[in-house]
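Participant: Got a structure here, written out as structure tokens. Questions coming.
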Amino acid sequence: MIYIFRKEMKKWHSVLWVVFFALAASTFATYLTYRSQHPAQIAIAKINGQDIKLIDYQRSLNDIKNQIELYKDYARRTGISMDLFLSMFGLLNPEQAAFDACINNKILDMEKSYYNVDVDQENFEKELIAKLPEFLKDSAGNINLDVYKRYLMQIGTTPTEFEDKLQHSIERETFQNFVQLANYIPVKKLQEIFTNKIAKKSFSLIKFKFDDYLKKAESKEIGNDELKNFFENTKENYRVPEKRSAAYWLVKSADYKKNIVIDESLIQSFYDKNSSTLFRIAPKVKIRHILFKIDKNASAEKIESILKTAKEIKEKVISKKANFADMAKQYSQDTKTALNGGLINFFDKGTYDAEFEKAAFRLQNPGEISDIIKVSDGYELIQLEQRQGASTKPLDDVRDEILKTLKSKKTLTGLRSDLQKIVHEVLSNENVLNDFVKENNLKKIDTKLFEKNITKDESIESALIEHIFSPNKKIGQYGFFAYKQDFVLFQVNNIQKSFIPSIDKVKATVLKNIYKKNAKKLLKQDINTAKRSILEKKQTLKTVSELFGLNIVETKSVKKSDKLDDLGLEESFIQSAFVLDSGDQVLSVKNKNDYCLVQLKNIEQTNLISFAQEKNSLMQTVLDKEKGAYIQAFIASLLRTAKIEKFEKTLGAQRGMSYPEDIDI
């Protein structure tokens, strides 16, 4: 199913479709033969009797691994724990995440088929052409079949697979939008969200300070038995982590590159293979135009009048009764070009309004005039002045660029090869390392002892830690890794194993932790007792404050987005306290190490007229925010009654294998 022919190709329509269908039939036959025998078509699971293929699982797994690599880089730069970052996105187990993605996609596709969701050919063609890179198109915006086919082979797919996958993606997205329309947000919930957004509330609170309870706990003596029992139950908390040190050499690619020589034949070969993609000069057009502006609030009668004028002008210039440039000077409302007869100098695609460019590039011959087209500002009439077809930059103009590319590539492969040789041979032949260090004038750097969980940044040592703590790295072993544009060669120098110290070594720390535990216990007991007595109407917030010798704090009227820094309350305090909507409620809120008992003091009345005005926009905001969660809930509801069979043996045997998809068509 390939929709890469445009309606404008009327002259060649019949001939091309005959040739094309012959090509497609041959491709499809090859595809079926290939797929019927291909191990990647093995089913790794079934859902409601329908197969989930290994190849779909592998594609999903590959996508997830690419995601993880992006997240790793981001986590490294921001200093966030990699495990924490991946757990946020459910990617700690890539294989399970890939399997779950296949299950979710399959059940959505099955439900989509039930509702007969389909994409018509015209819309599919538009999506296909919009998503393809510009270098695959000719000057008229049509797809170059030869370049298109080569491009898809380079990315490891076929036209059939690529377009099938795109169609499934569009249909699935359409179906998800359809499902989302069924989401309903009750008016009461909207009112609550609106109230929390604009209302002001004030609170009364008492603060139970942790430091007061810590002093009480420290006043009681801790016996040896309690000390030993606590240590035995928590001794992992006192473990001294493993530490390692290394020696490393920074190998700079720029220095290595100086000795690389590139043969002229390699430059010519690279140019021949990539000239149609990397060095293509996009087509350009020079045009004149007449802009007929339409205000956003224009009436239907006004729009009809403007269109009538545009049609009259078009008729005049086509019949040669008027000159296009003169009409542009007189009628065009583009103040930048009107005085110059509507002239716009040479431009390529991506410069102006999409519909404007489509009409401009569709014109083939100088003097040819477009239809009246709709653009964001109104309507346009375009005349072609001159066209520059697509071309290729000559070799001499791009020689330096190619040379730089080839040198970088050869530097990368050469350095990797040299470093791999050193790592494999240095333990039996030290001269391999010594000669390389001397030849490249490298400096040896010895590190201090590092812990594995050191805060990550973009430094060499941070990257080095990841590699020297690899499970297969022993004392004396070598390794290397890429660092930015360079490489780092390293040797593990020392390993201090992790251990738990004796209780005598950490007694002071153990005692401190026992006091903290006891203080927290006392504090929570008092908080729970006080909260329960208020809820049961036995006491008030005031009598509780008197009982515990605490002061009542009255806050000012605040919105949910406000802060109460002046009262020593954390920024999150307001977010927690705003759930209160009645003076009878009592809330315990953690504030750093302290706890607060909070009651609502007053709430301002919500402006219902304002709510009525914002209701629709608020509804859309909530729907957009909850879209992902709603789709996941919809999938979960389908999976509750689905029958899923997972073929563990097949999946386990095939996991990690990959299969070529480059079918010659």
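The values are calculated or read from the model by the stated rules, or taken from the named source; none is laboratory data. Fair warning: this is a prediction, and the values are worked out from it, not measured in the lab. Note that we place each Cβ from the backbone using ideal geometry, even for glycine, and neighbour counts take in every protein chain shown.
Participant: For the structure I just gave you, tell me whether residue 497 is surrounded by fewer than 12 Cβ atoms within 10 Å (Cβ to Cβ), of a type in the set (Lys, Arg), closer than 20 Å to residue 236 by Cα and at pLDDT below 95.
Facilitator: yes
Participant: Report, ordered by the first and then the second residue, all pairs with beta carbons closer than 7 Å, sequence separation of six or more or different chains, a first member in segment 320-336 that is in a loop (DSSP other than H, G, I, E, B), and a second member that is surrounded by 13 or more Cβ atoms within 10 Å (Cβ to Cβ) and β-branched (Val, Ile, Thr).
Facilitator: 332/290
Participant: Still on this structure: Which one of these is within 30 Å of residue 224 (Cα to Cα) and surrounded by 15 or more Cβ atoms within 10 Å (Cβ to Cβ): 520, 505, 524?
Facilitator: Selected residue: 520, the only one of 520, 505, 524 that is within 30 Å of residue 224 (Cα to Cα) and surrounded by 15 or more Cβ atoms within 10 Å (Cβ to Cβ).
Participant: Just to verify a result, which residue in segment 554-569, among those that are modelled with pLDDT of 85 or more and either assigned to a loop (DSSP other than H, G, I, E, B) or in contact with a helix residue (DSSP H, G or I) (Cβ under 7 Å, 6 or more places away or on another chain) (or both), is surrounded by the fewest Cβ atoms within 10 Å (Cβ to Cβ)?
Facilitator: 556
Participant: What pairs come out if I take residues in segment 434-449 that are assigned by TED's automatic domain parsing to the domain that holds residue 462 and pair them with residues that are surrounded by 12 or more Cβ atoms within 10 Å (Cβ to Cβ) and acidic (Asp, Glu) whose C-beta lies under 7 Å away, six or more apart or interchain?
Facilitator: Correct list of pairs: 436/418; 440/255; 447/461.
Participant: Also, quick follow-up: In this structure, does residue 294 turn out to be at pLDDT 95 or above, touching a helix residue (DSSP H, G or I) at 6+ places or on another chain (Cβ under 7 Å), buried (at least 16 other Cβ atoms within 10 Å of the Cβ) and closer than 30 Å to residue 359 by Cβ?
Facilitator: no
Participant: Let me ask something else about it. If you go through segment 81-108, how many residues are of a type outside the set (Val, Ile, Thr) and either crowded, with 17+ Cβ neighbours inside 10 Å or at pLDDT 85 or above (or both)?
Facilitator: Of the residues in that region, 17 qualify.
Participant: Now, a different point. Tell me which residues, restricted to segment 297-314, are among the basic types (Lys, Arg) and either surrounded by fewer than 16 Cβ atoms within 10 Å (Cβ to Cβ) or not in a helix (DSSP H, G or I) (or both).
Facilitator: Hits for segment 297-314 are 302, 308, 311.
Participant: Scan segment 111-138 residue by residue and report those that are over 27 Å from the mean Cα position of the chain (by Cα) and either closer than 30 Å to residue 348 by Cα or outside any loop (DSSP other than H, G, I, E, B) (or both).
Facilitator: The answer is 113, 114, 120, 121, 122, 137, 138.
Residues checked against (1) under 37 Å from the mean Cα position of the chain (by Cα); (2) over 30 Å from residue 231 (Cα atoms):
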{"position": "451", "(1), (2)": "yes, no"}
{"position": "470", "(1), (2)": "yes, yes"}
{"position": "476", "(1), (2)": "no, yes"}
{"position": "481", "(1), (2)": "yes, yes"}
{"position": "490", "(1), (2)": "yes, yes"}
{"position": "495", "(1), (2)": "no, no"}
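Participant: When you go through 213, 256, 248 one by one, which is the residue that is at pLDDT 95 or above, surrounded by 15 or more Cβ atoms within 10 Å (Cβ to Cβ) and outside the structural domain of residue 596 (by TED's automatic domain parsing)?
Facilitator: Residue meeting the stated conditions: 248.
Participant: For segment 357-374, which positions are free of Cβ contacts under 8 Å to residues at least 60 places away in the same chain and under 38 Å from the mean Cα position of the chain (by Cα)?
Facilitator: Answer for segment 357-374, where residues must be free of Cβ contacts under 8 Å to residues at least 60 places away in the same chain and under 38 Å from the mean Cα position of the chain (by Cα): 357, 359, 373, 374.
Participant: Hey, can you tell me all the residues within segment 213-257 that are more than 28 Å from residue 501 (Cα to Cα) and aromatic (Phe, Trp, Tyr)?
Facilitator: Across segment 213-257, the qualifying residues are 213, 248, 249, 256.
Participant: Taking segment 573-631 as the search range and keeping residues that are of a type in the set (Gly, Ala, Ser) and at pLDDT below 70, which one is nearest to residue 212 (Cα to Cα)?
Facilitator: Applying the filter and picking the extreme gives 610.
Participant: Name the one entry in 354, 360 that is farther than 30 Å from residue 485 by Cβ, surrounded by 14 or more Cβ atoms within 10 Å (Cβ to Cβ) and of a type in the set (A, V, I, L, M).
Facilitator: Of 354, 360, the one residue that is farther than 30 Å from residue 485 by Cβ, surrounded by 14 or more Cβ atoms within 10 Å (Cβ to Cβ) and of a type in the set (A, V, I, L, M) is 360.
Participant: Ok, one more. Is it true that some residue in segment 490-504 is of a type in the set (A, V, I, L, M) and touching a strand residue (DSSP E or B) at 6+ places or on another chain (Cβ under 7 Å)?
Facilitator: yes
Participant: Looking only at segment 632-665, filter to residues that are part of a helix (DSSP H, G or I) and in contact with a helix residue (DSSP H, G or I) (Cβ under 7 Å, 6 or more places away or on another chain); which one of those is modelled with the lowest pLDDT?
Facilitator: Looking at residues that are part of a helix (DSSP H, G or I) and in contact with a helix residue (DSSP H, G or I) (Cβ under 7 Å, 6 or more places away or on another chain), I get 654.
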